[in-house]
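Only one structure is covered here, and it is reproduced in the block below.
The values are calculated or read from the model by the stated rules, or taken from the named source; none is laboratory data. Every value quoted in this text rests on a predicted model; they were computed, and no experiment measured them. Neighbour counts are summed over all protein chains in view; Cβ atoms, including those assigned to glycine, are modelled from backbone coordinates with ideal geometry.
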Amino acid sequence: MTTGMHNHNGQHDDLDANNHDHNLLGEQTLWHGRFEGGPAAELMAFTESLSFDRRLWPDDVVGSRAHVRGLAKALLINEIERDAILGALDQVETEMSGGTFVYVASDEDIHTAIERRVTELAGHAGGKLHTGRSRNDQSATGVRLWLKRELKVIARRIVGLQQVLFDRSIEAGDTYLPGYTHLQRAQPVLLAHHLLAHGWALGRDLDRIRDTMARVDVSPLGAGALAGSSLPLDPAFTAAELGFASAFRNSLDAVGSRDHIAEALFDLTMIAINLSRIGEEWVLWTTEEFGFASLDDGYATGSSMLPQKKNPDIAELARGKAGRVIGDLTGLLATMKGLPLSYNRDYQEDKEPLFDAMDQVRLGLGALAGMIATATFNTDRMQAAADSETGSATDLAEWLVVRGVPFRESHAIVGALVRSALAGEGSLRQLVTDHPRLGPDAATLVSPGVSVTRRTTAGGAGPSPVRTQLEEFRTALAGWTSWSVEE
Ligand code: ARG
């Protein structure tokens, strides 16, 4: 390893700013014919992408196999050459998966590294691998293959979290807690209703991934550097070989666009934001002040100094990591802005935000699912909080409405009673009992557990509509699940 080079182990040697030694590499670059001198160490250190795009190796191998078959079909290589290159790609796969692949200093990205090794292994035939191909269509193909696979992993993780929310909703039965607006107690809602609210939002996240997949599922292979080729290559053939739904229609667009990555990043960002909202609720729910839930020891952390602490770090990081994922999206959007057609090296900057967001969202989905699956709901605390008398205020107003009182008037009557109760003039129940237009019948609405049963409309928070909703969710979840596992 030469001075100033990235050593590909995630560590960087200090680059001496005054050391402008050129051609520090022993090996040839992909463009050595046109250049008299080799690349400067500073250039390689700044422009390499191997340190992060090496995870694309399986996709580069698969993409290269399809390209080789395309070359053979076009009679640009013979069968012996084809088999020699395919054999070398098999060897690369063995070395990569076994961790024995040896990188050299001139491997600026995963594509360079694999082609170099294929050429070492297959000799003259290996030199034909890159025929009619550019790293521009090659890397775009690799990222699309990777995205198709990883988006499905995210979809399965979403389904995993939805399943936990569903299971816990079934288990929750008729347990209720306060529903909030403005984070002020509003009306009681079933715990199942609350949990499923997040389940439906996650369903939309999954639907978005499904929609995005249609735009990801297009092969750019055959676009070459930007304009296609003089050689008789067939983009539709390689697209089919790779399992893409279609091939590109415009080569400039194929290598010169990243909107599918921005879109996937938005999908991931929206998931991260939804997870952060769940996280924030659990941070609140696990406080001594709320006390609605307790975390399993395996999904909580302690304090290094305060012996009594049990901290909801998963929930907090679900909240915190959403910030960086938003940064991943906005960073890529800023990178894309103003880029002329077609490929620009700026596009190499698509990968780190995409990989980071994918990793964080995948991990977050798994961690939250485990945390929620294993937590204990303190249903007494939830219900006691929901049973505060004022939670039934709307029911009292609606009781009057049914008896012909205009809602504006009934709202004022009940509002005045709540004000009196808060001023210490008696319990709301007593004030209602004594009120000439309400009385003992109306006062039964203030009893614990009654209010939540009054929410009977479709999609509402009471036991009857929630039973229907659970069945609707069960059906929807089966659909999301089957999409997430299909090839
Ligand atoms: N590592 C590069 C990327 O990810 C590969 C493409 C480089 N192409 C080029 N013409 N320099 O974008």
Hits in region 25-68 (condition: away from the ligand (no atom under 12 Å from the Cβ), of a type in the set (Phe, Trp, Tyr) and under 29 Å from the mean Cα position of the chain (by Cα)): Phe46, Trp57
Residues (in contact (Cβ under 8 Å) with a residue 24 or more places away in the chain, part of a helix (DSSP H, G or I) and either within 16 Å of the ligand (Cβ to nearest atom) or in contact with a Pro (Cβ under 7 Å, 6 or more places away or on another chain) (or both)) located in region 341-357: Arg345, Tyr347, Gln348, Asp350, Lys351, Glu352, Pro353, Leu354, Phe355, Asp356
Yes/no for Leu221 being in contact with a strand residue (DSSP E or B) (Cβ under 8 Å, 6 or more places away or on another chain), of a type in the set (A, V, I, L, M), at pLDDT 95 or above and buried (at least 23 other Cβ atoms within 10 Å of the Cβ): yes
Which numbered condition Ile114 misses (of (1) out of contact with any Leu (no Cβ under 9 Å at 6 or more places or on another chain); (2) without any contact (Cβ under 8 Å) to a residue 60 or more places away in the chain; (3) under 16 Å from Leu56 (Cα atoms)): (1)
Search result, residues across region 96-114 that are buried (at least 16 other Cβ atoms within 10 Å of the Cβ), away from the ligand (no atom under 16 Å from the Cβ) and part of a helix (DSSP H, G or I): Met96
Ile85 away from the ligand (no atom under 16 Å from the Cβ), at pLDDT 95 or above, under 26 Å from Ala236 (Cα atoms) and not in a loop (DSSP other than H, G, I, E, B): yes
Residue that is farthest from the ligand (Cβ to nearest atom) [pool: residues in region 327-340 that are under 30 Å from Ile372 (Cα atoms) and buried (at least 17 other Cβ atoms within 10 Å of the Cβ)]: Leu329
Index of the failed condition, Leu121 passing every other in (1) in a helix (DSSP H, G or I); (2) within 16 Å of the ligand (Cβ to nearest atom): (2)
Verdict on Arg144 being basic (Lys, Arg), in a loop (DSSP other than H, G, I, E, B) and within 16 Å of the ligand (Cβ to nearest atom): no
Of all residues making up region 238-260, the number that are among the aliphatic types (A, V, I, L, M), without any contact (Cβ under 8 Å) to a residue 60 or more places away in the chain and either within 13 Å of Ser342 (Cα to Cα) or part of a loop (DSSP other than H, G, I, E, B) (or both): 1
Number of positions in region 194-223 that are closer than 22 Å to Arg362 by Cβ and part of a helix (DSSP H, G or I): 20
Where a residue in region 455-471 is within 17 Å of Gly199 (Cα to Cα) and free of Cβ contacts under 8 Å to residues at least 40 places away in the same chain and its partner, wherever it lies, is of a type in the set (Ser, Thr, Tyr) and in a loop (DSSP other than H, G, I, E, B), with Cβ under 7 Å and at least six apart: Pro465/Thr456; Pro465/Thr457
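Please work out if Arg185 is of a type in the set (Lys, Arg) and over 24 Å from Lys152 (Cβ atoms).
yes
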Number of the exception - Gly127 against (1) away from the ligand (no atom under 12 Å from the Cβ); (2) touching a residue at least 12 places away in the same chain (Cβ under 8 Å): (2)
